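J.: Dropping the structure in here first, questions after.
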Amino acid sequence: MLCPLAISFAEGCKTKELTDPIFGPDYSPTNVFRKWPVLPAELRRVAVLPLSYNELDASAPSGEQTLEPMLQAELTKTARFESIFVKPSQMQLWTGKERWNSSDELPPDMLKVLTQKTGCDGVLFIRLSQYRAYPPILTGWQMKLVTKEADILWAVDELFDAAEERVSNSARRFDRGRVRNNPALEDSRSILLSPTKFGQYTLHAVFQTLPAR
């Protein structure tokens, strides 16, 4: 016969069930181009241009300020290459404009100038294509990785809408995987209310589509 102390200890060790179970499939970015499954060995250093956005969108500057730190952190975590984050003031000095999108008509010597100034082997263009900070949160990314010879290695154009079930599932599972305390005491649905946390998820999902190293 077990003593009361033993019974109490056994009950205390039971795992508390999650209060916000997640059901259904995840979302995987599909609008992705990869020239090769593995990055070229010579691509070791990449100049990451300042985040560009639609200047006619009143919410975009706020999105840039919110997501720029997340962008740098998530890209660095991939360890695909050494990232040289170019400042807007540097781009203004070198090219006459702070921010460039890959679809812009670029100065003919722009890649050459960036190579000379940063010692890069490639350039990463990043654009915040859409941004909505209030629920349902919306974050869109357009990115393009090119060599210094302007050869496209990777490109992505994805829109993450928190109102879509698969996107919501993936975001919540991402948040669940980051919980450091007792998962039973956390609510993964909070990521759907946070532009910063949801933005981090979208960047993680996008950068996971980069060619391997």
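J.: Collect the residues in the stretch 41-58 that are touching a residue at least 40 places away in the same chain (Cβ under 8 Å) and open to solvent by 40 Å² or more (accessible area, probe 1.4 Å), keeping them in residue-number order.
T.: GLU42, ARG44, ARG45, TYR53, ASN54, ASP57
J.: So PRO108 fits all but one of (1) touching a residue at least 40 places away in the same chain (Cβ under 8 Å); (2) more than 17 Å from LEU145 (Cα to Cα); (3) not polar (S, T, N, Q); what number is the exception?
T.: (1)
J.: Okay, next question. So, in the stretch 102-147, how many residues would count as being part of a loop (DSSP other than H, G, I, E, B) and more than 17 Å from the chain's Cα centre (by Cα)?
T.: Residues meeting the conditions: 14.
J.: Would you be able to say whether some residue in the stretch 195-212 is crowded, with 22+ Cβ neighbours inside 10 Å and more than 23 Å from SER62 (Cβ to Cβ)?
T.: No, the conditions are met nowhere in the stretch 195-212.
J.: Can you tell me which residues in the stretch 54-84 are touching a Ser or Thr at 6+ places or on another chain (Cβ under 8 Å) and not in a loop (DSSP other than H, G, I, E, B)?
T.: Correct list: GLY63, THR66, LEU67, MET70, GLN72, LEU75, THR76, SER83, ILE84.
J.: Could you say whether any residue in the stretch 112-124 is crowded, with 19+ Cβ neighbours inside 10 Å and within 15 Å of VAL206 (Cβ to Cβ)?
T.: The answer is yes; a qualifying residue exists.
J.: Okay, next question. Do you know which residues across the stretch 76-111 are touching a strand residue (DSSP E or B) at 6+ places or on another chain (Cβ under 7 Å), open to solvent by less than 80 Å² (accessible area, probe 1.4 Å) and of a type outside the set (S, T, N, Q)? Walk me through it before giving the result.
T.: So the first thing to find is which residues in the stretch 76-111 are touching a strand residue (DSSP E or B) at 6+ places or on another chain (Cβ under 7 Å), and the list is 76, 81-86, 99-102, 111.
Filter once more, keeping what is open to solvent by less than 80 Å² (accessible area, probe 1.4 Å): 81, 83-86, 99-102, 111.
Across the stretch 76-111, the qualifying residues are PHE81, ILE84, PHE85, VAL86, ARG99, TRP100, LEU111.
J.: Criterion first (touching a Gly at 6+ places or on another chain (Cβ under 8 Å) and part of a loop (DSSP other than H, G, I, E, B)) does LEU43 satisfy it?
T.: So LEU43 passes the test.
J.: Looking only at residues in the stretch 149-160 that are surrounded by fewer than 18 Cβ atoms within 10 Å (Cβ to Cβ) and not aliphatic (A, V, I, L, M), which one is nearest to the chain's Cα centre (by Cα)?
T.: Among residues in the stretch 149-160 that are surrounded by fewer than 18 Cβ atoms within 10 Å (Cβ to Cβ) and not aliphatic (A, V, I, L, M), the one nearest to the chain's Cα centre (by Cα) is ASP157.
J.: Could you grab me the full set of residues in the stretch 1-36 that are open to solvent by less than 100 Å² (accessible area, probe 1.4 Å), modelled with pLDDT of 50 or more, on the phi < 0 side of the Ramachandran plot and not polar (S, T, N, Q)?
T.: The answer is LEU18, ASP20, PRO21, ILE22, PRO25, ASP26, TYR27, PRO29, VAL32, PHE33, LYS35.
J.: Right, here's the next one. Specify which of the listed residues (GLU164, GLU186) is open to solvent by 60 Å² or more (accessible area, probe 1.4 Å) and at pLDDT 95 or above.
T.: After applying the criteria, what remains is GLU164.
The values are calculated or read from the model by the stated rules, or taken from the named source; none is laboratory data. Computed from a prediction, not measured in an experiment: that's the story for all the values here. Methodologically, a virtual Cβ is constructed for each residue, glycine included, from the backbone with ideal geometry; neighbour enumeration extends over all protein chains shown. Ligands, DNA and RNA are stripped out before the accessible areas are found, and what is left, the full protein with its side chains, is counted by its heavy atoms. Shrake-Rupley method; radii C 1.70, N 1.55, O 1.52, S 1.80 Å.
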